[in-house]
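> Below are the structure tokens for one structure; questions will follow.
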Amino acid sequence: MSKNSYQLKELEKLVSLAKRRGIIFPSSEIYGGLSSVWDYGPIGVEIKRNVKNLWWKSFVTERDDIFGIDASILMHPDVWKASGHLDSFSDPLVECSATGKRYREDHIFILEIQIKKENKLITIEASDKDEVKNLVKDKIISITPLAESNNKENPSPEGGILSEPRNFNLMFKTFIGPAEDSSSTVYLRPETAQAMFVNFLNVLNSSRKKIPFGIAQQGKSFRNEITPGNFTFRTREFEQMEMEFFCNPSEDEKWHKYWIDFSLDWFKKYGLREENLMIRKHENEELPHYSKASSDIEYLFPWSWGELETISNRTDFDLKAHSKFSGKDLSYFDQENNNRYTPFVIEPAMGADRSVLAFLCDAYCEEETEKETRTLLKLHPDVAPIKIAVLPLSRKDSLTEYSKKIFDDLKGLFTTQYDDTQSIGKRYRRQDEIGTPLCVTIDFESVEEDNSVTIRDRDSMEQIRVSSDKLIEAINDKFKSF
RNA sequence: GCGGAAGUGGCUCAGUGGUAGAGCAUCUCGUUGCCAACGAGAAGGUCGCGAGUUCGAAUCUCGUCUUCCGCUCCA
């Protein structure tokens, strides 16, 4: 068995575990499911909330230079004209094999022209035939719109071959109001970023903050991906954790590097192993229209390396575009240096669902014990859905009463589960499978003798005995040492 | 969208035309019991869906849906 298929087997096991233990379910399953759409269950929702809250803490509340917003998914349709998403997302496009650049099919014309008595075929980008005539001074024999070309392969304006035209309807369309006429068409946002550009002035004015500063947001985005798949890695509805950091154009490279390092440290801090992480700088030809430079933080998923986060230098593209389309000046006046400029933007854009998946993949672990295989999620305690399980060794009334009291003391401080079904061994294994770092076990000694309980460690399975009066203290000490 | 594989209890799978099965998981009762413990019992499936062939279909045929793997994606 190759390493790859072995690892894919691991992914299948994780998908099974996720369903069995209430982490992630296929959407609308009783109706046959919906392709590549997933629901978080009772355990999964805790993990995802933890990941989002940890991000928010690191990127917003622990800092004094970043502000959060929570914008609507629906926005004015012109937002997507300004951002470029409408043009490059919804028209039939052809792609150049050499540069990867996409052209609107109706803006490409095939020309047969005569240069020095020799007939040549060239391709030109223009909005209509009249513009073509103005652009080309040579003797034109014929002008054929690309759509009417009978050639199997057409050259692109920048060399290379043009692909077959495709409809890239990457944005989800919907309607405002019950009447489905085109005047009320709106889109589900394909990225959360634009809300932060559109609210740039609002945040700037209400926060009285000077540049550099950032605006952060978490929320759902929607893209009609051509190829979704790999569990929750690429889905058409997904949640982003994005931050737009506005800075002086002269400092963009410094901040770009800063946010790459900051993000990488964040993933490492919450448990992803360093050997499974890498930074990949984008080649120039894969940069999108708005970006000057981009780096990915990639994680070694069971199928391959995949992007968790892209940190882009979006330059002043978006603010300038919105200035142009809205007519509102989005430039910034720097009082210290007495000059006006449009800020550059560094954007760390993290996938919330992808991050959860990476934490799960990294934590998934099988250990051979004497009789069985122990499956566990070695999640960082801050990411773990349940922090503590309270497990009475038997269901005798005296133990139940004592254990419930322990549970009541803990549940306000930690996410805690109480479980008194079946054997203690099975309960430990169940908690291992959802990544509960600590189990507190109560036995007759606790009740009848010394008022002490056992704390059992998920990873080492070691137990320590502590007085129940000092239980909370002991738990906090254990969490600190993870 | 094209090609390949697959869909049977919660999970993993067996079952090639004759009354739907196993292991694990789940639930109940008992057990002074600490790493998927032991004993007893219970529940759970119109075999993805829809047609067709047949006396009879999980099994054969067609359609359809879904999932997985490869190609253009990127959070």
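The values are calculated or read from the model by the stated rules, or taken from the named source; none is laboratory data. No experiment lies behind these values; they were computed from the predicted model shown. Here the Cβ is made from the backbone with ideal geometry for all residues, glycine too, and neighbour counts use every protein chain on show. Note: areas computed on protein heavy atoms with side chains; ligands, DNA, RNA excluded. Shrake-Rupley method; radii C 1.70, N 1.55, O 1.52, S 1.80 Å.
> Taking the Cβ-Cβ separation of A:Asp265 and A:Asp459 as r and a Förster radius of 22 Å, what is the calculated FRET efficiency to the nearest 0.05?
Efficiency at R0 = 22 Å is approximately 0.45.
> Starting from the 7 Å offset along Cα-to-Cβ, what nm value, one decimal, do you get for the label separation of A:Lys426 and A:Asn339?
7.2
> Of all beta bridges DSSP finds with both residues in the range A:357-482, what is the antiparallel percent, to the nearest 5?
Antiparallel bridges make up about 65 percent of those DSSP assigns within the range A:357-482.
> Simple spin-label model, 7 Å along Cα-to-Cβ: A:Val45 to A:Ile176 in nm?
Result for the modelled spin labels: 3.0 nm.
> How many nm is it between the label spots at A:Arg20 and A:Glu448, if each spot is 7 Å from the Cα in line with the beta carbon?
Label at A:Arg20, label at A:Glu448, 3.6 nm between them.
> Measure out, as a whole number of angstrom, how far apart the alpha-carbon centroids of the range A:177-218 and the range A:413-467 sit.
48
> Turning to a different aspect of this structure: Considering only protein heavy atoms, with the full assembly of protein chains and a 1.4 angstrom probe, order A:Val15, A:Val453 by accessible area, largest first. Walk me through the numbers on the way to the answer.
Details: A:Val15 45, A:Val453 0 Å².
Ranked list, largest accessible area first: A:Val15, A:Val453.
> Looking at the range A:383-472, which GluC sites (Glu not before Pro) are DSSP coil and have at most 11 other C-beta atoms within 10 Å of their C-beta? Intermediate results must be reported in sequence, preceding the final value.
On the way: sites: A:Glu401, A:Glu433, A:Glu445, A:Glu448, A:Glu449, A:Glu462; in loops: A:Glu462.
Filter output for the range A:383-472: A:Glu462.
> Which entries of A:Lys48/A:Lys404; A:Lys52/A:Lys292; A:Lys257/A:Lys324; A:Lys257/A:Lys480; A:Lys257/A:Lys292 show an alpha-carbon separation above 22 angstrom in the structure shown?
A:Lys48/A:Lys404; A:Lys52/A:Lys292; A:Lys257/A:Lys324; A:Lys257/A:Lys480
> Using a 7 Å offset from Cα along Cα-Cβ at A:Thr375, what residues in the range A:219-259 end up with backbone N under 17 Å from the label point?
Residues passing the 17 Å test: A:231-232.
> Okay, moving on. For the range A:386-480, calculate the relative contact order in percent as a whole number, restricting contacts to Cα pairs under 8 Å that are 6 or more residues apart.
On the way: 147 pairs, mean separation 26.4, N = 95.
It comes to 28 percent, rounded to a whole number.
> Right, next: Let a ≥ b ≥ c be the square roots of the eigenvalues of the Cα gyration tensor of the range A:386-480; is it rounded (a/c under 1.5), or, if not, prolate (a/b larger than b/c) or oblate?
rounded
> Mind jotting down the three principal axis lengths of chain A based on Cα atoms? Whole angstrom, largest first.
Extents along the principal axes: 105, 61, 49 Å.
> If you don't mind, there's one more thing I want to ask. Once amide H atoms are placed 1.01 Å from N in the peptide plane, what residues at a sequence separation of 5 or more from A:Ser156, or on another chain, have their amide H within under 5 Å of its amide H?
Excluding prolines and chain starts, which carry no amide H, the hits are A:Ile161, A:Leu162.
> Take the Cβ-Cβ distance between A:Arg208 and A:Ser72 as r, set R0 to 35 Å, and report the resulting FRET efficiency rounded to the nearest 0.05.
Working: r = 25 Å, r/R0 = 0.71.
So the FRET efficiency works out to roughly 0.90.
> I would also like to ask the following. Per residue of chain A, what 222 nm ellipticity follows from adding -39500 (n - 2.57) for every DSSP H run with n ≥ 4, rounded to the nearest 500?
When only DSSP H runs of four or more count, the value is -9000 deg cm²/dmol.
> Let me ask something additional. Sort A:Leu319, A:Leu287 from largest to smallest accessible area, using a 1.4 Å probe on the heavy atoms of the protein chains. The partial results should precede the final answer.
Working: A:Leu319 0, A:Leu287 35 Å².
So, going from the largest accessible area down, we get A:Leu287, A:Leu319.
> Out of the total accessible area of the range A:386-480 (probe 1.4 Å, heavy atoms of protein only), what percent is carbon and sulfur? Display every interim value, and only then the final one.
Numbers: 2260 of 4660 Å².
Within the range A:386-480, the accessible surface is 49 percent carbon and sulfur.
> A further question follows. Enter the accessible area per residue of chain A (Å², integer; probe 1.4 Å; all protein chains in place).
51
> Applying 1/(1 + (r/R0)^6) with R0 = 25 Å to the Cβ-Cβ distance of A:Leu413 and A:Lys220, what FRET efficiency is obtained, to the nearest 0.05?
Step by step, r from the Cβ atoms, then E = 0.20.
> Right, something else. Using the alpha-carbon centroid of each, what span in Å lies between the range A:283-360 and the range A:242-281?
That distance is 11 Å.
> When only Cα pairs under 8 Å and 6 or more residues apart are kept, what is the percent relative contact order across chain A?
13
> Skipping prolines and chain starts, which residues have an amide H placed within reach, meaning under 5 Å, of the one on A:Ile108, given they are 5 or more residues away or on another chain?
Close amide H contacts, sequence-distant or interchain: A:Ala126, A:Leu146.
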